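**Student:** Sharing a structure, written as structure tokens. Questions coming.
The values are calculated or read from the model by the stated rules, or taken from the named source; none is laboratory data. Keep in mind that what you see is a predicted model, and the values were worked out from it rather than measured. For neighbour counting, all protein chains shown are included, and Cβ atoms are generated from backbone atoms with ideal geometry for every residue, glycine included. Surface areas here come from the heavy atoms of the whole protein model, side chains and all, with no ligands, DNA or RNA. Shrake-Rupley method; radii C 1.70, N 1.55, O 1.52, S 1.80 Å.
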Amino acid sequence: MKVVVLGAGIIGVSTAWHLLERGHEVTVVDRQLDAALETSFANAAQISVSYCEPWANRDAPLKALKWMFRNDAPLLFRPRVPFGEGWQQWRWGLQFLAQCNDAAFERNVQQLVALGAYSHAALKDVVQATGIDYHRLERGIAHYYTEQKSFDTAGDAAALMRKYGVARRVVSTAELLKIEPAFSQFADRIVGGTYTASDESGDARVFTQSLARRCAERGVEFLYNHDVLRLEKTGNAIESVAIRARGTSASSIKDAQLTHLKADAVVVACGSYSAPLLRSVGVDLPIYPGKGYSATFKLRKPELAPFVSTIDDEVKCAISRLGNELRVAGTIEVGGYDLSLDTPLAKARCRMLAQRIEQVLPGVCDTRLEEEGGQPNFWCGLRPATPTNIPYIGKTRVGRLWVNAGHGTLGWTHGAGSGKAMAELISGEAPSMAFGFYGYEHSRRQPGLSAA
Ligand SMILES: Cc1cc2nc3c(=O)[nH]c(=O)nc-3n(C[C@H](O)[C@H](O)[C@H](O)COP(=O)(O)OP(=O)(O)OC[C@H]3O[C@@H](n4cnc5c(N)ncnc54)[C@H](O)[C@@H]3O)c2cc1C
């Protein structure tokens with residue numbers, strides 16, 4: 001089959017790889033000059049099969065309300081006027097609220113763990129087949145708490161994960177420091193933690209770009225620097241995808257400058273931008289951008305830096321070592337497609353990440369801000385968030401149109417498996433996991449479904 005994949009983030013590239021493995025002819029289109037230059041660029045680097053809880057839980061609404069006016073809040077909902085694009089935010093918010101109960105939470109966790117386990121196995125297979133080196137650390141993921149009240153809930157959360165087959169365990173501060181001694185300078189603040197040895201970390205950008213190169217070497221065509229302008233439909237099926245090389249000015253769009261790609265299957269893997277593209281052909285999915293930030297610092301004292309990727313419960317950020325650098329990332333801002341780093345809000349969030357690293361690992365990295373003479377490497381990306389945190393992987397009700405998007409906080413963790421599952425579905429195979437694929441098991445509950 002000829003398949004066109006739209007988007008060369010971790011999801012699109014993994015999809016291309018697995019399609020190639022099944023003998024399909026693949027073209028990937030992306031507006032950037034390389035793979036993984038948008039949300040898959042500088043994330044928290046965690047392959048967190050275990051730490052996969054969705055943001056929607058019974059405490060989230062009250063917390064979000066309390067945090068609404070705090071610039072450094074871990075979860076920030078900044079309401080827009082409820083018209084036009086703003087309406088999508090409100091609708092998403094209401095659907096998120098509907099997930100903030102224990103029954104939905106557990107249902108969502110079950111699916112996220114299933115996809116996570118499947119994906120972790122798929123990632124290991126790809127690494128074995130390709131030998132890609134991406135600062136991988138198979139040292140598990142730890143989670144430390146600085147507030148007793150929060151730590152008191154850690155046992156129940158770990159038990160829920162164990163129920164679905166993930167070996168997360170509660171550890172004392174002493175045990176935590178044995179697992180990762182780098183946090184000893186912060187030990188007096190830590191009240192306890194949890195740890196899952198089977199999780200890991202590594203650089204999503206390096207992995208994705210390397211995999212894209214392997215794909216290209218084996219015949220996948222990459223059309224970088226091309227905008228996807230529209231999906232062209234005839235009847236109820238995709239006829240072609242209109243793309244245009246970047247740099248053509250908007251006033252001079254002529255049909256002659258467009259390329260119309262035809263294929264047996266078109267996979268939309270455009271991250272947060274999948275939603276408007278799909279909506280243009282009547283497939284209405286609640287995928288909305290959840291802006292997050294990261295800071296990457298050069299290590300000053302590598303011997304004192306952690307190897308175990310870690311979650312800081314209080315600030316809700318993740319800390320991962322990537323070679324001679326340390327990455328700290330986190331926070332979610334539900335406020336639209338804004339990617340600026342220079343607003344007071346963005347600056348406050350970046351500053352908060354730098355300050356937290358200095359507090360937890362004093363002197364280990366150069367965390368100085370620009371005004372202090374430092375060269376901090378701040379970044380932000382738009383997580384393609386769904387109210388459940390579960391992605392849409394499957395066939396839409398529009399002929400030849402497939403979707404692989406909405407991976408929210410877990411796109412790196414779920415990338416390899418989502419790509420494999422997508423390729424299996426397109427090839428008529430049934431992925432071996434208990435997951436509600438779009439257009440299949442969920443056919444009555446979700447809008448825009450295949451009748452299959
Ligand atoms: C701060 C932060 C920390 C995170 N930490 C983790 C973590 O530790 N572990 C984890 O598992 N996940 C993490 N994530 C989530 C993860 O990074 C995302 O879920 C994942 O990168 C999404 O991948 P994607 O391929 O769907 O989207 P993207 O990487 O955004 O790829 C989509 C691609 O589509 C292209 N595109 C879009 N529209 C068009 C168009 N019209 N024309 C042409 N091309 C187009 C873009 O150029 C882009 O390359 C984090 C995210 C953030 C923001």
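**Student:** Within the set of other residues whose C-beta is less than 12 Å from the C-beta of Leu304, count the net charge using Lys and Arg as +1 and Asp and Glu as -1.
**Tutor:** Details: positive: Arg300, Lys301, Arg321; negative: Glu180, Glu303.
Result for the neighbourhood of Leu304: +1.
**Student:** If you don't mind, there's one more thing I want to ask. Within a Cβ distance under 14 Å of Ser432, other residues only, what is the Lys/Arg minus Asp/Glu net charge?
**Tutor:** Numbers: positive: Lys420; negative: Asp125, Glu424, Glu429.
Net of charged neighbours comes to -2.
**Student:** How about Lys347: which lysines have a C-alpha closer than 23 Å to its C-alpha, ignoring those fewer than 8 places off in the same chain?
**Tutor:** Within reach: Lys63, Lys66, Lys291, Lys298, Lys316.
**Student:** Next question, about the same structure. Could you order the peptides 343-352, 425-434 from most to least packed, using the average number of other C-beta atoms within 10 Å per residue?
**Tutor:** Numbers: 343-352: 16.6, 425-434: 15.0.
Top of the packing list down: 343-352, 425-434.
**Student:** How much accessible area per residue does segment 185-274 have, in Å², with a 1.4 Å probe? It would help to have the intermediate numbers written out before the result.
**Tutor:** Values: 3920 Å² over 90 residues.
Per-residue value: 44 Å².
**Student:** Under 1.5 on a/c is rounded, so check that first for segment 1-52, then, if it is not, pick prolate when a/b is larger than b/c and oblate when it is not; a ≥ b ≥ c are the square roots of the alpha carbon gyration tensor eigenvalues. Working shown, then result.
**Tutor:** Numbers: a/c = 3.59, a/b = 1.48, b/c = 2.43.
Since a/c reaches 1.5 but b/c is at least a/b, the shape of segment 1-52 is classed as oblate.
**Student:** So for the chain, taking the charge dipole from beta-carbon charges (+1 Lys/Arg, -1 Asp/Glu), which of Trp67, Cys365, Asn43 sits furthest toward the positive end?
**Tutor:** So the residue we want is Trp67.
**Student:** Please state the shape class of segment 145-214: rounded when a/c is under 1.5, otherwise prolate if a/b exceeds b/c and oblate if not, all from the C-alpha gyration tensor.
**Tutor:** Working: a/c = 2.86, a/b = 1.60, b/c = 1.78.
Taking the square roots of the gyration eigenvalues as a ≥ b ≥ c, segment 145-214 is oblate.
**Student:** Oh, and also: Name the long-range amide H neighbours of Leu76: under 5 Å, sequence gap of 5 or more, or other chain; modelled H, no Pro or chain starts.
**Tutor:** Ile332, Glu333, Val334
**Student:** Could you work out what % of the accessible surface of the chain is carbon and sulfur, using a 1.4 angstrom probe and leaving DNA, RNA and ligands out of the count? Walk me through the intermediate numbers first.
**Tutor:** Values: 9500 of 18220 Å².
On the chain, the fraction of accessible area on carbon and sulfur atoms equals 52 percent.
**Student:** Give a residue-ordered list of calculated ³J(HN,Hα) values for segment 101-113 (Karplus: 6.51 cos²θ - 1.76 cosθ + 1.60, θ = phi - 60°; whole Hz; x for Gly, Pro).
**Tutor:** Once θ is set to phi - 60°, the couplings for segment 101-113 become 8, 5, 5, 5, 4, 5, 4, 5, 4, 4, 6, 5, 5 Hz.
**Student:** Would you be so kind as to identify which of Phe183, Gln128, Gln110 lies farthest towards the positive end of the dipole of segment 104-192, taking Lys and Arg as +1 and Asp and Glu as -1 on Cβ and the Cα centre as origin?
**Tutor:** Positive-most Cα among the choices belongs to Gln110.
**Student:** Express in whole angstrom the spacing between the alpha-carbon centres of segment 11-36 and segment 330-386.
**Tutor:** 31
**Student:** A further question on this structure: What ranking do 16-29, 400-413 get when scored by the average of other Cβ atoms within 10 Å per residue, highest first? Show your work: numbers first, answer last.
**Tutor:** Values: 16-29: 21.4, 400-413: 26.8.
In descending order of packing, they fall as 400-413, 16-29.
**Student:** Taking amide hydrogens as modeled 1.01 Å from N in the peptide plane, which residues meet the under 5 Å criterion relative to Ser48, leaving out close sequence neighbours?
**Tutor:** Thr413
**Student:** On to the next question. Using θ = phi - 60° and the Karplus form 6.51 cos²θ - 1.76 cosθ + 1.60, what ³J(HN,Hα) does each residue of segment 144-153 get, whole Hz, x for Gly and Pro?
**Tutor:** 10, 10, 10, 10, 4, 4, 6, 4, 4, 8
**Student:** Here is a follow-up. Residues with beta-carbon under 12 Å from that of Ile238, excluding Ile238: net charge, scoring Lys, Arg +1 and Asp, Glu -1? The partial results should precede the final answer.
**Tutor:** Details: positive: Arg230, Lys233, Lys262, Lys395, Arg397, Arg400; negative: Glu232, Glu239, Asp264.
Overall, the nearby charge balance is +3.
**Student:** With the Cα gyration tensor of segment 96-177 giving a ≥ b ≥ c as the square roots of its eigenvalues, does the rule (a/c under 1.5 for rounded; else a/b larger than b/c for prolate; else oblate) give rounded, prolate or oblate?
**Tutor:** Oblate is the answer for segment 96-177, as a/c is 1.5 or above yet b/c matches or exceeds a/b.
**Student:** Moving to a separate point now. Relative contact order for the chain using alpha-carbon pairs under 8 Å, separation at least 6, rounded to a whole percent? Numbers along the way, then the final one.
**Tutor:** Values: 1019 pairs, mean separation 115.9, N = 452.
It comes to 26 percent, rounded to a whole number.
**Student:** Computed FRET efficiency, Cβ-Cβ of Asp152 and Asp338, R0 35 Å: what is it to the nearest 0.05? Intermediate results must be reported in sequence, preceding the final value.
**Tutor:** Numbers: r = 37 Å, r/R0 = 1.05.
The formula returns an efficiency of 0.40 here.
**Student:** Please list Arg356, Arg91, Arg169 in order of solvent-accessible area, largest first, computed with a 1.4 Å probe with all protein chains present.
**Tutor:** On the way: Arg356 10, Arg91 50, Arg169 105 Å².
Heavy-atom accessible area, descending, gives Arg169, Arg91, Arg356.
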